[in-house]
Amino acid sequence: MKYMSFNNSCFFAAISNLLEEIGVDISDEDIVRESLTPYLFNYDKKTNQFSSGYQIQNLDVINEYLKKYIVKLNEEKFEEGSMIERKRELIKSLTQTDNHKIVSLKMTSNELEWHATIFTGKVENRYRFVNMRKSDVDIINIELIHDELLIRLADTVQFAEVERIKSFKVFDKQELLANSYETLCLLEDKVLEFTRSLQSYGKRVQFRDLLFRPLLLNYVDISRIVKAEQLNNYLLKLQSQYISTFKYKGDLVLSEYMDVGLLEESIKCIKHMILSKNKTTYYHGSKTLGIRTLYPNMSIHGEKYVYLTTKREVALIYMVNAIESFYEIRNFEKPGKFHPWYSYGFNNGKLQIDEYYKNAFEDTYKGKSGYLYKCAEPMSDISNKTNIFCAVTTKEEIDVLDEIYIDDIYHELLKFESQGLIEIRRYEDWTENNIIEIEKSILGTIEHFDLNNKPYDHYTIFLKSKFPKLFN
C-alpha cells in the first residue's frame, strides 16, 4: 500500500498503487519529481484562482511520464445528462472490467472536499474503495452501498485506470512550459501588488488560496521533492512570515511583515527551473564523421525520416549494427546495406541490452567507435513511428549542434552499466525458459522474412551462424 506522502497527493498516490499492481515500485513523490508536474502553473479566469504543481493533474503530463513503463492513464468522463444520471452511469461502468480504478469520493458524507481513492471491486451489494490518507486510520477501507456511493461521488464524475500501450504520441512540452512561465509572471505581479497594498483580514483570507497557496504551500512541498534546498529554505521562511500575519484581524500591509525581496528571489528561482526544464537534448548516433545536417532517409517505416532519441545511451547502440560487426569479424564482403539488428528493450525506462547469443555484446561493440551528435530540436513533422518511448521521428532536416567522438562504444556502455544507467543481460544468465522465448522470437523473424528460402541473404547468413538449429 502506497500512502500519500505530502499535501494533496492522493491522485499521485493512487497512480503509484495502480502501478505497483503491475510490478512498478514508485511513490507519489517519484511521479511528481520525474514528471513535468513541478513546473506547472495555471490560472482559471472564471474563479480568479492560480494553481501550481500537484494541484494541476494534467493527464498529458502524467502519460508522458508513464511512457517509460509502457502504460498510460486512461480517463473516462461522464458529462451528459443530470448529475444523478451521470453518477449512476459511472457506478455501472466501475464493474464492467476487473481493473482497479481511481475514483474521487468524499471520505465522509459531511466532508466538503473529494479525494482520489482506488475502487477495488464489488462484493455482493457493496462497492469497495481504498483511501490512501494515513491520517484517516479509521477509514482506510471504505465500503458503500449504491445510494451511499451516489452521495459520496465527486460531481466531476470521472474515473481513471492504467492500461498498456503499444504506440506513443509525441508530447509538446514547450508550449505547456511557456504557458506556465507566463502564468507565473502574472501570479508574481498580482502577489506583489497584493503584498504592497493595505488589505483587510477578510481580503487576506479570501486570497489565501487564490494567490498565495501555489507559492507558499504547494511549492514548499515541490521544492523539497525536487531537492531545491535553497528555494525550500526561502519558502519555509516566507510561509512562516505569511502565516503569522493571520494573528492580526485588522487591516495591514503584508510587505511590512514579509521579506518581499526574498519572495521575488524565490519566484526568480522557480522561473529558472521552468526555463531549464523547457530544454530537451536530442541525440543521433552514427559511424560517420563530420555530419552537419541530418537528412531524412528511407526507413523501415516506409517513408523518409530522421530518427532522434532523448537518451544518449540509446543513440550509442545505434552506432553499430550487430550484423555488420559479424561481417567485419569474419572478413566477409559486405552488402550495400544491412538489415537492422538491435536486441534491447526497456525496464521501467532503463535501457536493457539483451544477449541473444554468447558474447553478443562484446562481439557487437568492442573496439567499435562512432560519433554522438547533439541535434537541434525538430520544429515540425514531429512524430514517433517506433515503439520506443524516447524516440522522435521527423521529416525535416535537422541541424547538428555538437559532435562527440566515442573511442570505444563497448567501454562506454560498460561505464553506463557500472553507473546503473543501463542493464546488460548476459547470455550465460538466461534460464531455459528465457532461451525458449529468444528462439521463438528468432523463428518468427525467419518466417517473417522467409529466410529459409534466401540462403545468400546477409540476414540469413548472420542468423544461421548464431542459431543454426532453427533453420530448415
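The values are calculated or read from the model by the stated rules, or taken from the named source; none is laboratory data. The structure displayed is predicted, hence computed values, not measured ones. Cβ: placed from backbone, ideal geometry, glycine included. Neighbour counts: every protein chain shown.
Please state which one of 16, 51, 27 is assigned by TED's automatic domain parsing to the domain that holds residue 116, in contact with an Asp or Glu (Cβ under 8 Å, 6 or more places away or on another chain), small (Gly, Ala, Ser) and modelled with pLDDT of 90 or more.
The match here is 16.
Just to be sure, is residue 249 outside any helix (DSSP H, G or I) and not aromatic (Phe, Trp, Tyr)?
When the stated conditions are applied, residue 249 passes them.
Of everything in segment 103-161 that's among the acidic types (Asp, Glu), loosely packed, with under 14 Cβ neighbours inside 10 Å and under 24 Å from residue 82 (Cβ atoms), which residue is farthest from the chain's Cα centre (by Cα)?
Filtering first and then ranking leaves 147.
Anything in segment 375-408 that is surrounded by fewer than 16 Cβ atoms within 10 Å (Cβ to Cβ), of a type outside the set (Asp, Glu) and not in a loop (DSSP other than H, G, I, E, B)? List them, or say none.
Passing the criteria: 401, 404, 405.
Restricting to segment 411-460, and then to whatever is among the acidic types (Asp, Glu) and assigned to a helix (DSSP H, G or I), can you tell me which residue is nearest to the chain's Cα centre (by Cα)?
417
Which condition number in (1) part of a strand (DSSP E or B); (2) at pLDDT 85 or above is the one that residue 159 fails?
For residue 159, the exception is condition (2).
List every residue pair whose Cβ atoms lie under 6 Å apart, where the two residues are 6 or more positions apart in sequence or sit on different chains, the first residue falls within segment 178-199 and is outside any helix (DSSP H, G or I), and the second residue, located anywhere, is modelled with pLDDT of 95 or more.
As it stands, the answer is 196/255; 198/251; 198/253, since those pairs meet every condition given.
Would you pick out the residues in segment 188-223 that are surrounded by fewer than 16 Cβ atoms within 10 Å (Cβ to Cβ) and in contact with a Lys or Arg (Cβ under 8 Å, 6 or more places away or on another chain)?
201
Just one of the numbered conditions (1) crowded, with 16+ Cβ neighbours inside 10 Å; (2) in contact with a helix residue (DSSP H, G or I) (Cβ under 9 Å, 6 or more places away or on another chain) is not true of residue 469; which one?
Residue 469 satisfies every listed condition except (1).
Of all residues in segment 160-202, which are hydroxyl-bearing (Ser, Thr, Tyr) and either touching a helix residue (DSSP H, G or I) at 6+ places or on another chain (Cβ under 6 Å) or closer than 30 Å to residue 101 by Cα (or both)?
Result: 167, 180, 181, 195.
For residue 463, are the conditions met, namely being surrounded by 12 or more Cβ atoms within 10 Å (Cβ to Cβ), within 19 Å of residue 356 (Cα to Cα), modelled with pLDDT of 95 or more and under 26 Å from the mean Cα position of the chain (by Cα)?
Criteria not met by residue 463.
Identify, from the list 76, 80, 85, the residue that is of a type outside the set (S, T, N, Q), assigned to a helix (DSSP H, G or I) and modelled with pLDDT under 90.
Exactly one of 76, 80, 85 is of a type outside the set (S, T, N, Q), assigned to a helix (DSSP H, G or I) and modelled with pLDDT under 90, namely 85.
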